[in-house]
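Contents: one structure, followed by commentary.
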Amino acid sequence: MKHKNFIVNRIAEDVTSGRTPKVVLRFPPEPNGYLHLGHAKSIVLHDLLAEEFNAELTLRFDDTNPKKESAKFVNAIAHDAAWLTPRFTRTRWTSAYFADIHRCAVHLIECGLAYVDESDPETMRFLRGDFGRVGAASPGRALSTSENLALFARMRIGELAEGAAVLRARIDLAHPNMNLRDPVLYRISHVEHHATGKEWHIYPMYDFAHPIADALEGVSHSLCTLEFEDHRPLYDWVIEHCFAVLGARPVQIEFAKLEVEGIVLSKRKLHALVEAGQVAGWDSPVLPTLAGLRARGYTPDVLREFAVRCGFTKANSTVPAETLADCVRDILSPVTGRRMAVADPVELVLNNLAEPFKVEVPNHPTDSSFGTRHRTFTAKLWIDRADIRAEAEPHFWRAYPGNWVRLKHGLNVLIKTVEIEAGRIVRVVAEADIGSRDLKAARHKAKTALHWLSDMEAVAMPARHYGPLFDVDGKCDLDSVTRTKMLVEHGLEDAAHYEFERLGYFYLSGGILHHLANLKTAGARTR
């Protein structure tokens, strides 16, 4: 990896010491929604580590909660993960280990380390205590091994109703870490599972299933975000007490999750938008899901670069929203062709241009391999309203009466009049310096150049500009998507990226232009 981090250093130490003969990693999403930008950071981290250590990398579906999961989400996650990286060497499902996880649970009961608790949820919550009060034992903690095995068997075959009982670990009801106060290992659910059907009536909790699946797959380093740091003692407890059954000891390492200014990555909130029909689906370009970002025009290379720039650290922080735009510019600029577009068109009439003529325009300012194209310069053109003033202003060098400007790749023109109707600029009339096609022959200098479109080559196209989906109070703001119409050059191809000169980067998909980033030099347009 170009930039070392604490995870790389830890794994390298384990490899050098001989503790880890082979590095094995896994990315374990729950199939209860689509992957989002936060998952992209985790996938990229796993991908870079797999490359660094020539490691196996597994895509494992943590499908232990059939009430929220579905095959639809499994398929979507598999597609998005493969889109972001081809490095996953195998695919696994936690549900494939249900028999092994059940075997571990029985082992714990037989060792006196787990028991069935028939307390109702409210009572159980009270008995666990809180940070200022130690927990108290429920009646189930005093049951014998045979009684616990019998009750657990009844849970297994579906004799008990949902919520009637759970299997808990017997650890320490006075432990300062609440995760170790006899945590729940299994709960009852009679919902049909997308993969195992009606075979099971009990399902393991994440904190129990996860370390077991890691061990069964030979995972050497189990990476997760910082909210699971307090869960690590339980992870280690499960591995330690099931070691005779599992035969492997993975290590859990936590890193900071992704927080981006102005972007909400809560799967719960995104799910609510989809379920309420406020967005078209999980792949709507307004969402920060990988499917939505792909529809908007973000590429795997952009998201990979973004993840690397965010860094992989132990400290939580919020990434500026501009970082993503920086990645768009830096990744797309070398590979994206330039075109002309006018965001807010105003008619420009050249009163002395008798005949149209062709101009040759480079498709990229620095890479000649992109070639050139020809555009027609006509007496009726379109320029951007932002480039026009009714009268001169300090530090404004563009179109206003009496000023010379250059129409890029075309002619120098003198702005004669700016016509206004109902307080709005509607037309500009100018006079062209016909000899200025050759800049050296120009009779008058222009301090700035404007982009333009000819009337005969301009095509109107809808455009979308995306603001924060949630406001500062956490409420959804679908009005943050600005819908406009732009004039663009004819002949643009669908499913392609373009840098529109002086406007920024856009992705054309389904006849809609999706805005990705402004130009770094956009501030110069104020002059």
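The values are calculated or read from the model by the stated rules, or taken from the named source; none is laboratory data. Only a predicted model underlies this, so the values are computations on that prediction, with no experimental measurement involved. Methodologically, a virtual Cβ is constructed for each residue, glycine included, from the backbone with ideal geometry; neighbour enumeration extends over all protein chains shown. Quick note on the areas: whole protein, heavy atoms, side chains included, nothing else; ligands and nucleic acids left out. Shrake-Rupley method; radii C 1.70, N 1.55, O 1.52, S 1.80 Å.
Which of the residues that make up the range 430-459 are out of contact with any His (no Cβ under 8 Å at 6 or more places or on another chain), over 10 Å from LEU411 (Cα atoms), aliphatic (A, V, I, L, M) and surrounded by fewer than 16 Cβ atoms within 10 Å (Cβ to Cβ)?
Answer for the range 430-459, where residues must be out of contact with any His (no Cβ under 8 Å at 6 or more places or on another chain), over 10 Å from LEU411 (Cα atoms), aliphatic (A, V, I, L, M) and surrounded by fewer than 16 Cβ atoms within 10 Å (Cβ to Cβ): ALA441, MET456.
Within the range 264-281, does at least one residue satisfy the condition of being open to solvent by 20 Å² or more (accessible area, probe 1.4 Å), in contact (Cβ under 8 Å) with a residue 40 or more places away in the chain and closer than 22 Å to ASN179 by Cβ?
Within the range 264-281, one or more residues are open to solvent by 20 Å² or more (accessible area, probe 1.4 Å), in contact (Cβ under 8 Å) with a residue 40 or more places away in the chain and closer than 22 Å to ASN179 by Cβ.
Of the residues LEU48, LEU59, LEU108, only one is assigned to a strand (DSSP E or B) and either open to solvent by 40 Å² or more (accessible area, probe 1.4 Å) or at pLDDT 95 or above (or both); which?
LEU59
Just give me the residues in the range 83-94 being without any contact (Cβ under 8 Å) to a residue 60 or more places away in the chain and either closer than 18 Å to GLY38 by Cβ or assigned to a loop (DSSP other than H, G, I, E, B) (or both), in sequence order.
PRO86, ARG87, THR89, listed by residue number.
Kindly indicate whether LEU160 is in a strand (DSSP E or B) and surrounded by 15 or more Cβ atoms within 10 Å (Cβ to Cβ).
In short, no.
May I ask you to verify whether PHE98 is closer than 30 Å to VAL8 by Cα and of a type outside the set (Gly, Ala, Ser)?
For PHE98, the condition - closer than 30 Å to VAL8 by Cα and of a type outside the set (Gly, Ala, Ser) - is not met.
Yes or no: ILE101 under 19 Å from TYR203 (Cα atoms) and either open to solvent by less than 10 Å² (accessible area, probe 1.4 Å) or of a type in the set (A, V, I, L, M) (or both)?
yes
So which residues in the range 470-492 are in a strand (DSSP E or B) and within 17 Å of ALA276 (Cβ to Cβ)?
Residues satisfying the conditions are PHE470, CYS476, VAL481.
Applying the selection to the range 198-219, what residues are open to solvent by 10 Å² or more (accessible area, probe 1.4 Å) and farther than 13 Å from ALA96 by Cα?
LYS198, HIS201, MET205, TYR206, ASP207, GLY218
What number goes with the only condition from (1) in contact (Cβ under 8 Å) with a residue 40 or more places away in the chain; (2) under 29 Å from ILE43 (Cβ atoms); (3) not basic (Lys, Arg) that PHE152 does not pass?
Failed condition: (2).
Looking at VAL418 and the list (1) within 29 Å of PRO334 (Cβ to Cβ); (2) in contact with a Pro (Cβ under 9 Å, 6 or more places away or on another chain); (3) surrounded by 15 or more Cβ atoms within 10 Å (Cβ to Cβ); (4) not acidic (Asp, Glu), which single condition is not satisfied?
Exception for VAL418: condition (1).
May I ask you to list the residues in the range 383-429 that are more than 15 Å from LYS447 (Cβ to Cβ) and among the small types (Gly, Ala, Ser)?
ALA386, ALA390, GLY410, ALA422, GLY423
Being within 43 Å of the chain's Cα centre (by Cα) and farther than 28 Å from VAL361 by Cα is the filter here; which residues of the range 379-422 pass it?
GLU393, PRO394, HIS395
Can you tell me which residues in the range 467-500 are open to solvent by 50 Å² or more (accessible area, probe 1.4 Å), touching a residue at least 40 places away in the same chain (Cβ under 8 Å) and in contact with a Ser or Thr (Cβ under 9 Å, 6 or more places away or on another chain)?
PRO468
Check the range 131-139 and report whether any residue there is modelled with pLDDT of 95 or more, hydrophobic (A, V, I, L, M, F, W, C) and either in a helix (DSSP H, G or I) or open to solvent by 90 Å² or more (accessible area, probe 1.4 Å) (or both).
So far as the range 131-139 goes, no, none of its residues is modelled with pLDDT of 95 or more, hydrophobic (A, V, I, L, M, F, W, C) and either in a helix (DSSP H, G or I) or open to solvent by 90 Å² or more (accessible area, probe 1.4 Å) (or both).
Is one or more of the residues making up the range 339-355 closer than 30 Å to GLU305 by Cβ and open to solvent by 30 Å² or more (accessible area, probe 1.4 Å)?
Within the range 339-355 (the criterion being closer than 30 Å to GLU305 by Cβ and open to solvent by 30 Å² or more (accessible area, probe 1.4 Å)), the answer is yes, since at least one residue qualifies.
What residue, of LEU223, LEU234, LEU246, is at pLDDT below 95 and buried (at least 19 other Cβ atoms within 10 Å of the Cβ)?
LEU246
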